[in-house]
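Peer 1: I am attaching a structure below and will ask some questions about it afterwards.
The values are calculated or read from the model by the stated rules, or taken from the named source; none is laboratory data. Source: prediction; values computed, not measured. Every residue, glycine as well, gets a Cβ built from its backbone with ideal geometry; the counts of neighbours run over all protein chains shown. What goes into the accessible areas is simple: the full protein's heavy atoms, side chains included, and nothing from ligands, DNA or RNA. Shrake-Rupley method; radii C 1.70, N 1.55, O 1.52, S 1.80 Å.
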Amino acid sequence: QVQLVESGGGLVQPGGSLRLSCAASRAIFSTYRMGWYRQAPGKQRELVAAMATDGSINYADSVKGRFTISRDNAKNTVYLQMNSLKPEDTAVYYCNARKTWDPDNYNYWGQGTQVTVSS
């Protein structure tokens, strides 16, 4: 079992920055892929950024060059640094941890944190 707790969401103006944090209840980065997803009302949840167990990273095209995913192994925490925010980035952001070889049995989600980008 893994518990994930997100924090750092809030209201920010277009062009502003925000850093999200996801704290895991135990050390998992060696066996779980970590990801940030987002979901706007009425839309499907989409992958924003992910970091594999070997440290490899991929981003959605819509956030490349603006968002950065990173992790602190000692703190069991993954971050999402969001710069140059746009109104279309408004969504609830969720932290995810899963074993890619067995996602049906090892797939965990945080409660989500609201990010609102508006002037």
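Peer 1: Could you check how many residues of segment 43-91 are of a type outside the set (S, T, N, Q) and either in contact with an Asp or Glu (Cβ under 9 Å, 6 or more places away or on another chain) or open to solvent by less than 10 Å² (accessible area, probe 1.4 Å) (or both)?
Peer 2: 15
Peer 1: Restricting to segment 80-105, give me the number of residues that are modelled with pLDDT under 95 and not charged (D, E, K, R).
Peer 2: 4
Peer 1: Could I ask something else about it? Residues in segment 44-61 that are in contact (Cβ under 8 Å) with a residue 12 or more places away in the chain and either over 17 Å from L85 (Cβ atoms) or of a type outside the set (D, E) (or both): how many?
Peer 2: 10
Peer 1: Then there's this: Tally the residues that are without any contact (Cβ under 8 Å) to a residue 40 or more places away in the chain and small (G, A, S), restricting the search to segment 31-43.
Peer 2: Count: 1.
Peer 1: From the list W109, W101, which one is free of Cβ contacts under 8 Å to residues at least 40 places away in the same chain, open to solvent by 70 Å² or more (accessible area, probe 1.4 Å) and not hydroxyl-bearing (S, T, Y)?
Peer 2: Exactly one of W109, W101 is free of Cβ contacts under 8 Å to residues at least 40 places away in the same chain, open to solvent by 70 Å² or more (accessible area, probe 1.4 Å) and not hydroxyl-bearing (S, T, Y), namely W101.
Peer 1: Consider R26 against the criteria (1) open to solvent by 20 Å² or more (accessible area, probe 1.4 Å); (2) touching a Lys or Arg at 6+ places or on another chain (Cβ under 8 Å); (3) within 14 Å of L4 (Cβ to Cβ): it satisfies all of them except one. Which criterion is unmet?
Peer 2: (2)
Peer 1: In this structure, is Y37 closer than 17 Å to K86 by Cα, surrounded by 13 or more Cβ atoms within 10 Å (Cβ to Cβ) and of a type outside the set (V, I, T)?
Peer 2: Spelling it out, Y37 is indeed closer than 17 Å to K86 by Cα, surrounded by 13 or more Cβ atoms within 10 Å (Cβ to Cβ) and of a type outside the set (V, I, T).
Peer 1: Is there any pair with a first residue in segment 10-30 that is touching a residue at least 40 places away in the same chain (Cβ under 8 Å) and a second that is open to solvent by 70 Å² or more (accessible area, probe 1.4 Å) and of a type in the set (G, A, S) whose Cβ atoms are under 7 Å apart and which are 6 or more apart or on different chains, and what are they?
Peer 2: Q13/S119; P14/S119
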